[in-house]
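The values are calculated or read from the model by the stated rules, or taken from the named source; none is laboratory data. This is a predicted model, so every value here is computed, not measured. With ideal geometry, Cβ positions are generated from the backbone for all residues, glycine too; neighbour counts draw on all protein chains shown. Heavy atoms of the whole protein, side chains included, go into the accessibility calculation; ligands, DNA and RNA do not. Shrake-Rupley method; radii C 1.70, N 1.55, O 1.52, S 1.80 Å.
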Amino acid sequence: MSNKKTDQEKLDAIMEALGDSVLEASDDEIIEELRLAGVDPDAEAARLKAKMLATVKAFRQRALAAAQAGYRSRLEQVDRKPYAVPKTPAARRELFSFVIQQPQYAQYVTAQYRDLENLTDNDIESYLQDLAELGILPTPE
Amino acid sequence: MATKPPRRVPDQAAATPEEIAAAIEELTPADWGRLGKFANSRIRLLGPKAECEAGEDLLQLALTSLLEDIRRWNKAKVRFPDFLVGAMRSISSNWAKSYKPEHVAVLEADLRRENEEGRIFSPLDAVREQRPDAEQRMRDKQILEQVDALFKDDEQAQMVLMAWQDGCDPPAVRELWNLSQKEYNTVVRRIRRQVDAAGLMPNSGKGKTNVQ
């Protein structure tokens with residue numbers, strides 16, 4: 001029946017079936033087999049649990065460190081980024097007027113900024129700088 | 001019929017590191033024992049193809065692949081131990097598929113050629129992947145003989161082993177030999193414990209061979 005298989009294939013089939021049989025074994029059987037092999041199930045569970053939890057902790061610390069590094073990098077980019085804010089108050093007001101009328105920028109513009117006539121030149125310049133830092137205004141060529 | 005690739009668990013269903021840590025906390029000693037034994041069986045099965053030496057390294061890799069979002073666990077649909085088993089099975093199967101033997105017979109050097117892109121190749125490359133070397137074949141034969149010897153007086157165990165070697169899954173084995181679930185479980189438990197006790201581990205290439 002199994003003449004056509006090599007010894008390796010036969011052995012692999014046995015080992016695979018034995019490995020899968022563990023998944024069907026009851027908890028009591030597993031505990032008993034660990035004890036038969038000279039393993040303390042509770043101590044082994046505690047050891048493996050500590051090792052796996054340490055892996056999760058290390059991963060979270062790495063992820064946090066990467067996020068912090070990314071945040072620092074973005075801050076540095078903001079500091080270095082040249083603003084696309086026009087130089088004259090009239091040009092800034094014109095640009096701001098254009099921005100607040102664009103639907104895609106609506107989420108960035110609060111109600112108080114939509115009343116253009118009540119805004120000072122300083123308000124507009126400051127708000128355009130905020131938008132530039134957010135990367136919403138185009139970077140100058 | 002074309003097979004669809006497995007659908008990736010959506011972001012909102014994928015377990016977070018906090019949920020993964022909580023699931024680890026909830027595993028029982030029997031869960032750990034089962035995972036450890038399964039992991040060891042995969043390493044034994046792969047022998048030199050395994051890319052780590054111990055079962056718990058494979059278990060660790062399954063967890064790492066989850067944390068690094070290579071794999072995702074949908075905790076609403078899959079038990080955590082079942083996820084880890086699936087991940088270990090997948091990782092170890094990938095090792096087997098990508099395995100390239102490191103050592104090359106000396107005489108084969110004469111057959112090596114360089115292609116147009118400067119890559120050195122041997123006509124035996126394709127053959128080698130499919131064929132264990134003489135040492136491995138000898139070891140496999142010895143282990144099979146030892147398994148046979150272990151169960152020479154256990155007819156039921158021999159029947160189950162023979163069916164496994166032919167690739168039968170548990171329902172097929174039970175049907176073939178007309179065994180009840182309980183009888184089958186009892187025989188399998190006997191085989192597993194005796195093989196474990198005899199230390200029959202065909203892990204030839206990683207310095208952890210238990211077979212002399």
The number of residues in the range B:13-55 that are closer than 15 Å to A:M52 by Cα and under 11 Å from the mean Cα position of the chain (by Cα) is 2
Hits in the range B:56-70 (condition: open to solvent by less than 20 Å² (accessible area, probe 1.4 Å) and farther than 15 Å from A:A50 by Cα):
B:L58, B:A62, B:S65, B:L66, B:L67
Expected output for the range B:155-167 (first residue within 13 Å of B:T186 (Cα to Cα), partner of a type in the set (K, R), Cβ below 8 Å, 6+ apart or cross-chain) is B:A157/B:R190
Going through (1) modelled with pLDDT of 95 or more; (2) closer than 21 Å to B:F38 by Cβ one by one, B:Q158 fails only at (2)
Restricting the first residue to the range A:29-42 and requiring it to be under 13 Å from B:R189 (Cα atoms), which pairs with a second residue that is hydrophobic (A, V, I, L, M, F, W, C) and open to solvent by 50 Å² or more (accessible area, probe 1.4 Å) meet a Cβ separation below 8 Å and a spacing of at least six or different chains?
A:L36/B:A197
With A:L75, A:L53 as the choices, which residue is surrounded by 10 or more Cβ atoms within 10 Å (Cβ to Cβ), farther than 30 Å from B:Q194 by Cβ and within 12 Å of chain B (Cβ to nearest Cβ)?
A:L53
Search result, residues across the range A:4-13 that are at the interface with chain B (Cβ under 7 Å from one of its Cβ atoms), open to solvent by 10 Å² or more (accessible area, probe 1.4 Å) and assigned to a helix (DSSP H, G or I)
A:D7, A:Q8, A:K10, A:D12, A:A13
Within the range B:76-86, can one find any residue that is more than 24 Å from the chain's Cα centre (by Cα), surrounded by fewer than 19 Cβ atoms within 10 Å (Cβ to Cβ) and over 27 Å from A:E32 (Cβ atoms)?
yes
Somewhere in the range B:1-17, is a residue touching a Leu at 6+ places or on another chain (Cβ under 7 Å) and open to solvent by less than 20 Å² (accessible area, probe 1.4 Å)?
no
Selection within the range B:59-78 - closer than 9 Å to B:A14 by Cβ and basic (K, R):
B:R72, B:K75
For the condition under 30 Å from B:S90 (Cα atoms), more than 7 Å from every other protein chain (Cβ to nearest Cβ) and crowded, with 16+ Cβ neighbours inside 10 Å, what is the one hit in A:E44, A:E16, A:E32?
A:E32
I want to confirm something. Restricting to the range B:174-212 and keeping residues that are basic (K, R) and modelled with pLDDT under 80, which single residue is surrounded by the fewest Cβ atoms within 10 Å (Cβ to Cβ)?
B:K208
Scan the range A:105-128 and report the pairs whose first residue is at pLDDT 80 or above and whose second residue is among the β-branched types (V, I, T), with Cβ atoms within less than 6 Å and a gap of 6+ or a chain change.
A:L128/A:V85
